[in-house]
Amino acid sequence: MPTQIDYEYDHSLYGVEHQSGPFEVTNDIISVYARSVGEDNPIFVDRDAALAAGYADQVAPPTLCALFERGELPDIKLQFGRRQFHGGQRVTPRATIVAGDILTASSHLKDVYTKTGRSGTMAHVVWETTFRNQHGTIVADVQRSQVVRE
Amino acid sequence: MTTEYPKLYFEDVDLGDEIGPVVLSVSDEQVVDFCSLWGNPAPNRFTDQAEAERVGLEGPIVPGIMTMALVSRVLTDWAGAETVADLDLVFRGSVPHNEPLHMGIQISDTSEDDTGNMVQCDITMTNPAADRRYLIGTAMLNLPSRDAA
């Protein structure tokens with residue numbers, strides 16, 4: 001049940017799943033991701049080390065799938081605010097992602113709510129995305145909160 | 001069956017334990033590398049001074065999902081590669097490039113249940129010298145037990 005707020009937006013988006021992908025997780029994507037954040041765990045940076053440890057291929061760090069979460073999602077037509085920023089992110093890994101996996105994403109609008117503090121009112125737009133691999137296994141749930149302010 | 005040996009066991013941690021602060025810094029080159037992965041090539045507000053100023057920022061910032069990846073890295077460096085069961089972050093301020101980012105982790109709860117040996121951690125990222133708080137959040141880690149080793 002969505003939170004009731006004072007500003008209008010497109011409520012018809014609730015209950016609608018938006019599909020995106022496929023996204024191929026390559027060794028190159030994992031390596032660049034790992035390098036850019038200073039990752040040095042062998043299973044994240046070295047395919048041979050991951051194979052030696054019993055994995056099917058180089059392992060993706062736990063939050064890598066958030067890279068693919070920025071698919072085209074509809075405008076909720078919120079009648080409030082002008083400035084937007086990324087207010088929060090939640091990742092719940094469900095299964096190991098390795099190079100060669102093909103992910104698909106299914107996203108829905110989870111909630112829109114407002115908070116008012118010293119700096120004024122902010123609206124939080126929360127999208128929830130479930131990632132599955134090529135076997136249909138859920139590999140991660142991701143929530144993204146976009147904040148809109150006056 | 002994978003054979004990666006854990007770095008940390010459930011029995012090694014206790015409520016109130018603190019890790020860090022771990023001091024990180026993100027270079028311009030790291031952000032450019034990261035942005036190349038998610039369809040946001042330079043120049044943009046994450047990589048370019050003029051683009052950042054155009055949208056009202058003091059300078060280029062670290063993307064939220066990259067900041068999350070840094071937090072995840074610190075957690076897996078400490079606890080082991082596949083221990084993160086949940087990571088939930090609230091971004092309180094724009095994270096700048098080339099500035100010290102002090103990350104603190106404190107264990108706020110531990111429990112053993114059907115899902116595993118769970119360790120809840122409170123997370124902060126700040127720059128005390130600049131009086132900046134960049135994020136708060138929680139992580140849930142699932143640690144192996146020495147009993148099962």
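The values are calculated or read from the model by the stated rules, or taken from the named source; none is laboratory data. Small disclaimer: the values here were computed from a predicted structure and weren't measured. In this analysis, Cβ positions are derived from the backbone assuming ideal geometry, glycine residues included, and neighbour counts consider all displayed protein chains. All accessible areas refer to the heavy atoms of the entire protein, side chains included, with ligands and DNA or RNA removed. Shrake-Rupley method; radii C 1.70, N 1.55, O 1.52, S 1.80 Å.
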Query raised in the report: Scanning region B:95-139 for residues that are within 15 Å of the chain's Cα centre (by Cα) and of a type in the set (D, E, K, R), which turns out modelled with the lowest pLDDT?
Result: B:Arg133
Query - Residues satisfying the stated conditions in region B:67-78, i.e. at the interface with chain A (Cβ under 7 Å from one of its Cβ atoms) and either among the aliphatic types (A, V, I, L, M) or open to solvent by 10 Å² or more (accessible area, probe 1.4 Å) (or both) - result: B:Met68, B:Ala69, B:Leu70, B:Arg73
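State yes or no: is B:Asp17 open to solvent by less than 30 Å² (accessible area, probe 1.4 Å) and charged (D, E, K, R)?
Spelling it out, it is not the case that B:Asp17 is open to solvent by less than 30 Å² (accessible area, probe 1.4 Å) and charged (D, E, K, R).
Residue by residue, here is whether (1) among the small types (Gly, Ala, Ser); (2) touching a Cys at 6+ places or on another chain (Cβ under 7 Å); (3) within 11 Å of chain A (Cβ to nearest Cβ) holds:
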site	(1), (2), (3)
B:Leu24	no, no, yes
B:Val32	no, no, yes
B:Leu37	no, no, yes
B:Asn44	no, yes, no
B:Val55	no, no, yes
B:Gly64	yes, no, yes
Report task. Pick out the one residue from B:Asn44, B:Asn98, B:Asn117 that is surrounded by fewer than 16 Cβ atoms within 10 Å (Cβ to Cβ), in contact with a helix residue (DSSP H, G or I) (Cβ under 9 Å, 6 or more places away or on another chain) and not small (Gly, Ala, Ser). Result -> B:Asn98
Requested in this report: Could you please find all residues in region A:55-81 being open to solvent by 50 Å² or more (accessible area, probe 1.4 Å), within 12 Å of another protein chain (Cβ to nearest Cβ) and in contact with a strand residue (DSSP E or B) (Cβ under 8 Å, 6 or more places away or on another chain)?
Outcome: A:Ala56, A:Glu72
Query raised in the report: If you take the residues of region B:79-94 that are over 20 Å from A:Ala140 (Cα atoms) and at pLDDT below 95, which of them is most open to solvent (accessible area, probe 1.4 Å)?
Result: B:Arg92
Report summary line: Per the filter on region B:110-149, residues assigned to a loop (DSSP other than H, G, I, E, B) and over 30 Å from A:Phe85 (Cα atoms) are B:Asp114, B:Thr115, B:Pro144, B:Ser145, B:Ala149
